[in-house]
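Data first, discussion second: the structure below is written as structure tokens.
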Amino acid sequence: MAEYLIKNGFVFDPVLGINGDKKDIAIKDGKIVESVGASAKVIDAAGKTVMAGGVDIHAHVAGPKVNVGRNFRPEDKRQATYEPGKGVKRMSGGFSVPTVFKTGYKYADMGYTTVMEAAMPPFYAKHTHEEMRDTPIIDQGAYPVFGNNWFVLEYLKNGEAENTAAYIAWLLRMTKGFAIKCVNPGGTEAWGWGLNCTSVHDPVPYFDITPAEIVKGLIEANEYLRLPHSMHVHSNNLGNPGNYETTLDTLKLAEGISAKNNFGREQVLHHTHIQFHSYGGTTWGDFESRADKIADYVNSQKNITCDIGFVTLDETTTMTADGPFEHHLCELNHLKWANVDVELETGSGVVPYVYSPDVFVCGIQWAIGLEIALLAKDHMRYHMTTDHPNAGPFTRYPRVMKWLMSAKARDEMFAGMKNEDKVRDRTGLSTMDRELSLYEIAMMTRAGTAKALGLSHMYGSLTPGLCGDVAVYDYNPETASDPEAIETAFGKAAFLFKQGELIINDGEIVSNGNKRTLWVNVKTNENTQVERDIALKFNKFYTVSQKNYEVYAHHYVPNPLVFEIDATV
Amino acid sequence: MANIVSDVICPFCGTLCDDLEVELSDDGKKILEVYHACAIGAEKFLHSQAEDRITRPRMMQEDGTTKEVSYEEAAKYTAKILCEAKKPLMYGWSSTSCEAQSVGHSVAEAVGGIVDNTATVCHGSSLIAVQDVGIPSCTLGEAMNRADRVVFWGCNPAHAHPRHMSRYSVYPRGFFTGKGSKSRKVVVIDPRKTDTASLADVHLQLEQGRDYELLSALRVAFRGEKLPDVVAGIPKDQIYEAADLLKSGRFVIIYFGMGVTQSLGKNHNIDIAIGVTRDLNDYTKAAIMPMRGHYNVTGSGEVLGWQYGFPFCVDLSRGIARYNPGETSSNDLLMRDEVDAVFVLGSDPGAHFPISSVKKISELPSVAIDPHLTPTTAVCKLHVPVAFVGVEVGGCCYRMDNVPIESRKVVDPPEGMLTDQEFLEMVLAEVRKCKGV
């Protein structure tokens, strides 16, 4: 394999403590190395920014609800230029729900090399894997959802921790999943009857267990299994005024639990798109930010991480396994509504949404995301996401970086809002003059996310021995003054390496790489009780036989990267 | 002991039953019997064993006779007609695996073809309605476990999806429906006294083509507003009763078929049927599901969706994907003489398209890839027989509720026969040669 030397770039690597120093980065045999021979191909990065490849901890980029979004929104293809195929590239299109090809190309353009699909319904795991397989360049893994799964609800109700863990290990193996995701715990099962759970103490109909018990039980199962990533929660009551209290109630469930794993992960709970969960007020009329309360709490708790879910003020497509929320949203905006309830496991909904800068609620949502990121004390624990495509498309990350790095850019946004005063009044953003550095941005986009995923031994840094995933951006941190340059440069990497292979050369995608699918294979003690329960549920209540449920590697996961864990006791 | 393969997937209809057992000869080469399948599904397995099956491609000669050719020659001819055409139509895709569809799309992208599937004459109008108003739906098991109100609108599963009622919708005992059919009230809305209607608790025998009015009347009745004495041939009392029956359910599922998608009103019928479902969600829980026909038409829509963003009628001829049913739909293209070559795989337009479209196919350079002899293979210039997906080769398929299930290989195809995926890969290689890629 070719050797490369990326010379004289401004390097940002929070793991190594390199903050914009001029350094050379060497790549050989797919890895970052100390040095390479004289024959190595030299990439001149003088005047450019060099970082490890980006790692996205939460995006909806593959699977059934994403595809519902694509197929039921032909108009989305008109929001961005449909690009013809060229060279190694297939034709690609779509804006908020791009095709799989566009997903791969655009992430590569932003210097991202790893992206986690945030919610995989186990019953549809094959679909998720088919899409990930067809997505070029980026490494991917998917989080199966557990928060409304009948096995989990029953085992946790009966206090059977070991059975819960054994079942989760089995399901991760069957679906080739990477982590435990929990969406609106209990609420989506309640949605099977048109109901919801809006606080952590609302009992789930029939199953008679509370969201708090589900969240706590899943955190404990996660640590029992010593998974690379922590339990990944989207808590109850998303998107509603006054929901910050539910969020705090959920976060507090992690108190006193410490991480157990061999992957360098320190948190036991990752709260996703926390912007959507930081709302004050009692109605849309007195809607306001409670970013301060949430950021204060997360700052104080070392065993919690979060990603933000920045609202980008675009027309987009919302999609979530939080079925009742999507129904609620379509009652608000009266746009088209798709819903799929999945037997024994979960549900989901999809609704288009227009975040207008002229609607003050949207303006406040925009401000809350930025507020949280600017109140953060440790950006290793606050991650860049737009909950793609829920708060905005992932292609807007460079724009969010601009807002985070420039008070001037934020003021320009404020000035364009019809209800500027109201948005300034109800949030703390206008009093903040903090501007994040590229060092902090590198934490939010690669170092912090890699660590929270338990993948810091592979990604997120330029430490020799790690994967040769490196991005070079045409951005000179010493001379740049126009905030627009941030958005331009970080949306169009000049060079990108994935596993040591040159993917982007001088701004052009020249290879589709060797994409891998990450999944976790946990060995637990033999558990005949769980085996019997699984067989019984498949015989009686599933409509697919147990033998036809498993995702087999040959077709769906042709290039796996398996994390083997021994959790037997 | 009998040589039985279990958990076999039935490659016939969108019900995609996955509990078949297939008994093989001791050497594993012949299918002897098929258990659990309906009559149609069993026949699909058994007739793959026919002694007189066509096993090599055949080219039609000028005098109307056919001549056997090799797969290599067939792939060259297919690539040639696709590459020489300005706007080739690549139709079908519904009776094959997602793997084959995916290779087919690469071919279409290289030659600038139009990819359209059987939804174009089936549930395409449903797909358009979903683009207008969305769709609240669920998996078949969700309905089995919860639904106590089951509506069949313009569909006749007793004949078209023979095991649907026993596996999912009417008879099975689900988690919250422990008494099976006694847990459910079945409503059939159909102008005909179908065999499905004979099993219903309520049969609203509406006037043909008046579905929109009746659906609209139901929405009025849900709201307790006034109705005329008779709507669509149904007295208003019956409509109020039906509305109350649905509203009083814990979980309502509406299944609909070609009776509403291809009759007067088309996609607008589905729009308002989805409106009925949305309305019901204000009172109880409700879902609606199209009864998809071919076993993997749903998969074709899914693969097209993630690769191009549209579920059918995808025109790649301008180097980007365009979608405009009415313009980029197969019959409209054929009748307007807009396509100059036709490629058919996994469908039988010769049997399903209007005769005027079939005549056009017969006049154009054309190829049909299909294990069977069909009206389509009779009019196309080249017939390429291939292995049966789901019998002689496995592959991913999507059920009518979009649930992916991997079909299984049960026996080997006759010696030397290719699968459609293998043949498409040969065509793709030829196309790339021809295009100099």
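The values are calculated or read from the model by the stated rules, or taken from the named source; none is laboratory data. These numbers were taken from a predicted model, which means no experiment stands behind them. Reconstructed Cβ throughout: ideal geometry from the backbone, glycine too, with neighbour counts over all protein chains shown. Areas reflect the complete protein model, heavy atoms only, side chains present, ligands, DNA and RNA absent. Shrake-Rupley method; radii C 1.70, N 1.55, O 1.52, S 1.80 Å.
Quick look at the numbers
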quantity: Cross-link pairs beyond the 28 Å C-alpha cut-off, checked among B:67/B:433; A:126/A:498; A:336/A:540; calculated: A:336/A:540
quantity: For q = 0.08, 0.15, 0.17, 0.19 Å⁻¹, Debye-computed log10 I/I(0) when each Cα of the stretch B:124-290 counts as one equal scatterer; calculated: -0.20, -0.75, -1.00, -1.28
quantity: Hits among aspartates and glutamates - C-alpha to C-alpha of residue B:193 under 19 Å, sequence gap 8 or more where chains match; calculated: B:201, B:207, B:211
quantity: Burial of 30 Å² or greater, the stretch A:333-366 residues [accessible area, probe 1.4 Å, versus chain by itself]; calculated: A:336, A:337, A:339, A:341, A:343
quantity: Nonlocal amide H pairs with residue A:503, under 5 Å, H built at 1.01 Å; calculated: A:496, A:497, A:498
quantity: Extreme residue, positive dipole direction of the stretch A:331-436, given options A:344, A:375, A:356 (C-beta unit charges); calculated: A:375
quantity: Total charge dipole magnitude, the stretch A:161-242, about the Cα centre, Cβ charges on Lys, Arg, Asp, Glu only, Debye to nearest 20; calculated: 380
quantity: Carbon and sulfur %, accessible surface of chain B computed with the full protein complex present, 1.4 Å; calculated: 50
quantity: Accessible surface, the stretch B:3-47, averaged per residue in Å² (probe 1.4 Å); calculated: 41
quantity: Simple Cβ-charge dipole of the stretch B:106-235, Lys/Arg +1 and Asp/Glu -1, about Cα centre, in debye nearest 20; calculated: 780
quantity: Dipole magnitude (debye, nearest 20) for the protein assembly as shown, charges at Cβ of Lys, Arg, Asp, Glu; calculated: 260
quantity: Two-site FRET efficiency, residue B:3 against residue A:415, from Cβ-Cβ distance with R₀ of 45 Å, rounded to 0.05; calculated: 0.05
quantity: Positive-end extreme of charge dipole, the stretch B:124-290 - chosen from B:212, B:144, B:228 (charges on Cβ); calculated: B:144
quantity: Scaled radius of gyration (Cα, divided by 2.2 N^0.38 Å) that the protein assembly as shown gives; calculated: 0.93
quantity: Kirkwood hydrodynamic radius of chain B, from inverse mean 1/r over distinct Cα pairs, in Å; calculated: 22.8
quantity: Chain B: angle of helix B:124-133 to the longest principal axis, Cα-based, in degrees nearest 10; calculated: 50
quantity: Out-of-range pairs (alpha-carbon distance over 25 Å; input A:547/B:285; A:157/A:537; B:87/B:360; A:176/A:451; A:65/A:106); calculated: A:547/B:285
quantity: For the protein assembly as shown, share of DSSP beta bridges that run antiparallel, in % to the nearest 5; calculated: 45
quantity: Summed buried accessible surface, chains A and B, 1.4 Å probe, nearest 100 Å²; calculated: 5000
quantity: Solvent-free Debye scattering, log10 I(q)/I(0), computed from the Cα coordinates of the stretch B:1-101 at q = 0.14, 0.16 Å⁻¹; calculated: -0.80, -0.93
quantity: Surface per residue (accessible, 1.4 Å probe) for chain A, Å²; calculated: 30
